[in-house]
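A quick write-up on the structure given underneath.
The values are calculated or read from the model by the stated rules, or taken from the named source; none is laboratory data. Since we're looking at a predicted model, the values are computed, not measured. Every residue, glycine among them, receives a Cβ derived from its backbone with ideal geometry; neighbour counts consider all protein chains shown.
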Amino acid sequence: MNEQSQKNKKAWEFRAYEFWYKKDGSPKEKATQILENPIANLKKHKHLFEQVEGKKVANLCGSNGRKAVPLALLGAEVTVFDISEENKKYALELAASANTLIDYIVTDIYNIDLEMYGGYFDLLYLEGGILHYFGDINKFMSILFALLKDGGEMILSDFHPLRKCVVSQGEVNYFDTELRSGDVAYKEFFDEQEQLDFPDVSIRLYTLSEIINSVLSAGFKLKKFDEHRGWNNENIPWEFTILADK
């Protein structure tokens, strides 16, 4: 595991289970909410999973299982790859509470066993803002390509690179290529005094062209690129979704 991954693992294993409890409630409470309408929990991507039954799905950086469990309830065979044991604990409790099964492998994405999982999956699903945790996007994308069966599809949704530029009014260096330290995503959910104890994550921000070109360079066939408004319908580019085939 490289230095960046070690730093991010340490951060994402610091009180993450407690955070999910704060944000989503107990696994039982979250499962009750998901069971009411599993596909609705896939939000803007729900139309992409209407025929997921029987498919092998890899949910990379799948966090606390909030997407993996709905997919499993829809009939998919779901494998989560994530770096955090704390995330795994919540996710497996969530799956059990929803009376379904997911496979959860704690690993650095760079270290996924391609002897076992190469060409294994029908579908890859990545969402929630994860690309910045990987300092080598071309290596990362080549691993994703290797995981897919021929004819398989990748759904990749992430933060729009222009979002920070707009929000910061140009103070962000859009073309920065350095690894930077930053706050773990859930740090702000804790009291200010508690936040002092949180370890930093290591991130590398990418331009839109770097992201798209990495998809193409890995060998994917780009099918569609969608941009999404802010979570409160702000009129700025907030997220994007890439659909690509192998």
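Here are some notes:
- Scanning segment 173-196 turns up no residue that is over 22 Å from residue 13 (Cβ atoms), in a helix (DSSP H, G or I) and either touching a Ser or Thr at 6+ places or on another chain (Cβ under 8 Å) or in contact (Cβ under 8 Å) with a residue 40 or more places away in the chain (or both).
- So residue 79, is it within 25 Å of residue 16 (Cα to Cα) and either touching a Cys at 6+ places or on another chain (Cβ under 6 Å) or assigned to a loop (DSSP other than H, G, I, E, B) (or both): no
- Of everything listed in (1) of a type in the set (A, V, I, L, M); (2) within 22 Å of residue 131 (Cα to Cα); (3) out of contact with any Ser or Thr (no Cβ under 7 Å at 6 or more places or on another chain), the single unmet condition for residue 58 is (3).
- Restricted to segment 197-246, the set of strands (runs of 3 or more DSSP E) holding at least 1 residues that are aromatic (Phe, Trp, Tyr) and more than 22 Å from residue 122 (Cβ to Cβ) comprises 239-245.
- Residues of segment 224-246 satisfying the condition of being of a type in the set (D, E, K, R) and either in contact with an Asp or Glu (Cβ under 6 Å, 6 or more places away or on another chain) or in contact (Cβ under 8 Å) with a residue 40 or more places away in the chain (or both): 227, 239, 245, 246
- Screening residue 157 on (1) in a strand (DSSP E or B); (2) more than 24 Å from residue 84 (Cβ to Cβ) shows it passes everything except condition (2).
- Residues in segment 34-45 that are in contact with a helix residue (DSSP H, G or I) (Cβ under 8 Å, 6 or more places away or on another chain) and either farther than 20 Å from residue 243 by Cβ or at pLDDT below 95 (or both): 34, 35, 38, 40.
- Test for residue 48: is it among the hydrophobic types (A, V, I, L, M, F, W, C), crowded, with 19+ Cβ neighbours inside 10 Å, at pLDDT 95 or above and not in a strand (DSSP E or B): no
- In this structure, residue 43 qualifies as on the phi > 0 side of the Ramachandran plot and assigned to a helix (DSSP H, G or I).
- Note on segment 99-144: residues that are touching a strand residue (DSSP E or B) at 6+ places or on another chain (Cβ under 8 Å) and either closer than 17 Å to residue 217 by Cα or modelled with pLDDT of 95 or more (or both) amount to 24.
- Set side by side, the residues 72, 58 differ, and just one is modelled with pLDDT of 95 or more, surrounded by 15 or more Cβ atoms within 10 Å (Cβ to Cβ) and under 23 Å from residue 239 (Cα atoms), which is 58.
- Among residues of segment 181-205, those that are in contact with a strand residue (DSSP E or B) (Cβ under 9 Å, 6 or more places away or on another chain) and surrounded by 13 or more Cβ atoms within 10 Å (Cβ to Cβ), counted: 10
- As a summary of the residue check, residue 27 satisfies the conditions (1) buried (at least 19 other Cβ atoms within 10 Å of the Cβ); (2) under 17 Å from the mean Cα position of the chain (by Cα) except for the one numbered (2).
- Qualifying residue in segment 133-149 (condition: surrounded by fewer than 13 Cβ atoms within 10 Å (Cβ to Cβ), among the charged types (D, E, K, R) and either in contact (Cβ under 8 Å) with a residue 60 or more places away in the chain or within 22 Å of residue 241 (Cβ to Cβ) (or both)): no
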